[in-house]
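Each remark here refers to the structure printed beneath this line.
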Amino acid sequence: MRVRALTRKSNADLPAGVEVVRGDLNAPESLAPAPDGVTAMHLLTLTGEDNAPLATGPAIVALATAAGVRRVTLLGTGEGPVEQAVAASDLEWTVLWPIDMTAETVEDVTGRPPRRFADWAADHASAFERPPSARP
């Protein structure tokens, strides 16, 4: 599977093999070549500056459907312009709501009081490490 990443930074540090395309979801005119040949997209629904709902949803969806995109996942928090434009389109779509991680707290299965996610992750990092024999 090929992966294309849209970024505002031309020097984005992404894994080898990822095709980097420069553009900005706040400026749909910068996105024209990005969806060409793409069949599925993952879209953010908030701006990067102030986490306001991204107002350019209808233009982004129009570009995507014109390019032949068929499926979309949205990282969203509600019914903003991007979600509304996708819902009104013929695209197959799913909304992902990152409630627990963005809340900055987690409660583990022991029932202990919620903690900051960063603290929980630091305490549990070893559970996600590969043993030396499994490392490339």
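As a test, work out the antiparallel percent of DSSP beta bridges whose residues both lie in region 1-84, rounded to the nearest 5.
Around 20 percent of the beta bridges assigned by DSSP in region 1-84 are antiparallel ones.
Under a 5 Å amide H to amide H cut-off, with H placed in plane at 1.01 Å, what residues pair with Ala5 once short-range neighbours are removed?
So Ala5 has HN proximity to Glu19, Val20, Val21.
Quick query: amide H of Val95 versus all other amide H atoms, modeled in the peptide plane; which residues come in under 5 Å with a sequence gap of 5 or more or a different chain?
Leu74
Report the local net charge at Gly17: Lys and Arg +1, Asp and Glu -1, summed over other residues whose C-beta lies under 12 Å from its C-beta.
+1
Tell me, what ³J(HN,Hα) does each residue in region 31-45 have, in order and in whole Hz, if you take phi through Karplus 6.51 cos²θ - 1.76 cosθ + 1.60 with θ = phi - 60° and put x for Gly and Pro?
Here the 3J(HN,Hα) series is 9, 2, x, 4, x, 4, x, 8, 9, 9, 10, 10, 10, 7, 10 Hz.
Under the classification rounded if a/c is under 1.5, otherwise prolate if a/b is larger than b/c and oblate if not, where does region 1-70 fall, given a ≥ b ≥ c as square roots of the Cα gyration tensor eigenvalues?
Cα axes put region 1-70 in the oblate bin.
Order these by the 10 Å Cβ neighbour count, fewest first: Asp13, Asp36.
Asp13, Asp36
Check which residues have an amide H placed less than 5 Å from Asp24's amide H, if you skip close sequence neighbours.
Close amide H contacts, sequence-distant or interchain: Ser30, Leu31.
Taking K and R as +1 and D and E as -1, what net charge do the other residues with C-beta under 14 Å from the C-beta of Trp93 add up to?
Once positives and negatives cancel, what remains is -2.
Quick note: the coordinates plus some simple rules give every number you see, no bench work behind them. Not measured: the values here are computed from a predicted model. Here Cβ is always computed from backbone atoms with ideal geometry, including for glycine, and neighbour counts include all displayed protein chains.
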